[in-house]
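*Asks:* Okay, handing you the structure first.
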Amino acid sequence: MNNSLRHGKATLITIHFHEVNGVKTCDYTDNGIGFDVEEAKNKKGLGMKNIESRVEIFNGNINFNSSKDNGLKVTFTF
């Protein structure tokens, strides 16, 4: 959330948790300025590395969906 507010200039953040057939999912969205996901993969900062390592601890998956001027959607599944 800190990055969404600080870097993404988001004014609205939504987090939904749900479980279907034993699969737990967290959907995180914001209305910020977004970013190029492919470019971010090449320049992973400490924040992104921390998120990925925490998801790995729970044998989870993470999917980023964003583009410039279109906010961010991140889906975590466990």
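The values are calculated or read from the model by the stated rules, or taken from the named source; none is laboratory data. Model, not experiment: these values are computed from the prediction. Cβ: placed from backbone, ideal geometry, glycine included. Neighbour counts: every protein chain shown.
*Asks:* Any residue that is of a type in the set (Lys, Arg) and surrounded by 13 or more Cβ atoms within 10 Å (Cβ to Cβ) - is there at least one of those in the stretch 19-26?
*Replies:* yes
*Asks:* For the stretch 1-44, give me the residue count where each residue is within 14 Å of residue 74 (Cα to Cα), among the small types (Gly, Ala, Ser), without any contact (Cβ under 8 Å) to a residue 60 or more places away in the chain and outside any helix (DSSP H, G or I).
*Replies:* Of the residues in that region, 2 qualify.
*Asks:* Scan the stretch 1-18 for residues that are exposed (fewer than 13 other Cβ atoms within 10 Å of the Cβ) and of a type in the set (Gly, Ala, Ser) and jot them down.
*Replies:* If the condition is that a residue be exposed (fewer than 13 other Cβ atoms within 10 Å of the Cβ) and of a type in the set (Gly, Ala, Ser), then no residue fits.
*Asks:* Quick one: how many residues across the stretch 45-78 are modelled with pLDDT under 95, of a type in the set (D, E, K, R) and either surrounded by 12 or more Cβ atoms within 10 Å (Cβ to Cβ) or in a helix (DSSP H, G or I) (or both)?
*Replies:* Summing the residues that are modelled with pLDDT under 95, of a type in the set (D, E, K, R) and either surrounded by 12 or more Cβ atoms within 10 Å (Cβ to Cβ) or in a helix (DSSP H, G or I) (or both) in the stretch 45-78 gives 4.
*Asks:* Kindly provide the set of residues from the stretch 42-67 that are within 20 Å of residue 2 (Cβ to Cβ) and charged (D, E, K, R), ordered by number.
*Replies:* Residues satisfying the conditions are 43, 44, 49, 52, 54.
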